[in-house]
1. Would you check if residue 49 is exposed (fewer than 14 other Cβ atoms within 10 Å of the Cβ) and closer than 17 Å to residue 2 by Cα?
2. Scanning segment 31-46 for residues that are part of a loop (DSSP other than H, G, I, E, B) and open to solvent by 50 Å² or more (accessible area, probe 1.4 Å), which turns out nearest to residue 85 (Cα to Cα)?
3. Between a first residue in segment 67-82 that is farther than 11 Å from residue 50 by Cβ and a second residue that is open to solvent by 60 Å² or more (accessible area, probe 1.4 Å) and of a type outside the set (Phe, Trp, Tyr), which pairs have beta carbons less than 6 Å apart while being 6 or more apart in sequence or on different chains?
4. Which is open to solvent by less than 20 Å² (accessible area, probe 1.4 Å), in contact with a helix residue (DSSP H, G or I) (Cβ under 6 Å, 6 or more places away or on another chain), assigned to a strand (DSSP E or B) and modelled with pLDDT of 95 or more, of 69, 28?
5. Filter segment 72-105 down to the residues that are at pLDDT 90 or above and polar (S, T, N, Q) and list them by number.
6. Output the number of the condition that residue 12 fails; it satisfies all remaining conditions of (1) part of a helix (DSSP H, G or I); (2) open to solvent by less than 20 Å² (accessible area, probe 1.4 Å); (3) closer than 24 Å to residue 84 by Cβ.
7. Can you tell me which residues in segment 52-66 are open to solvent by less than 30 Å² (accessible area, probe 1.4 Å) and among the polar types (S, T, N, Q)?
8. Within segment 42-58, how many residues are more than 11 Å from residue 69 (Cα to Cα), more than 8 Å from the chain's Cα centre (by Cα) and not charged (D, E, K, R)?
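The values are calculated or read from the model by the stated rules, or taken from the named source; none is laboratory data. Predicted model only: the values in this text are computed from it and were never measured. Counting neighbours? That spans all protein chains shown, and the Cβs are built from the backbone with ideal geometry, glycine included. For accessibility, only protein heavy atoms count, side chains too; no ligands or nucleic acids. Shrake-Rupley method; radii C 1.70, N 1.55, O 1.52, S 1.80 Å.
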Amino acid sequence: LLRRASAAIVHGGFNTVKECVAYGVPMLAVPLSHDQPRNAALVQARGVGLAADPSQLTPAELERSMNRLLTEPTFRAAAERFRGEFEDARGSALTVIDRWIAASALCRVAPLPPSSISRGSSRQSWTSSAPIGPASLPVV
């Protein structure tokens, strides 16, 4: 399916992000829990897509985000660049994963305070005041 996709809406889990990148598909990451908020931040910081807070995502914002992914060539170009890295690794995804981990170590995503976790729910607030952006990441 991703082979034919122009863009994808994903939850931001590592495997889903990896699959989109492997096919050069820009994505809108809407994280729910676990590693997804950090992965969504990396998706946006690396330019392969956008991230959205699920508690604040409206139909209008969803439409705006998808229109950006489909019309702004920078997202596709970044996704294709990372796709090339996957292909250059000749099956060695570990090399690419190592680069993503190194880049994520430089992303200053603040840990979630206990007060941001809803009682009886696995949903967490993923917003952070810590700066994240392409300028804070190495070029790989």
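1. no
2. So the residue we want is 35.
3. Every condition considered, the pairs that remain are 70/6.
4. Only one candidate passes the filter, namely 28.
5. Within segment 72-105, 74 is the sole residue that qualifies.
6. (1)
7. Residue satisfying the conditions is 65 alone.
8. The number of residues fulfilling the criteria is 6.
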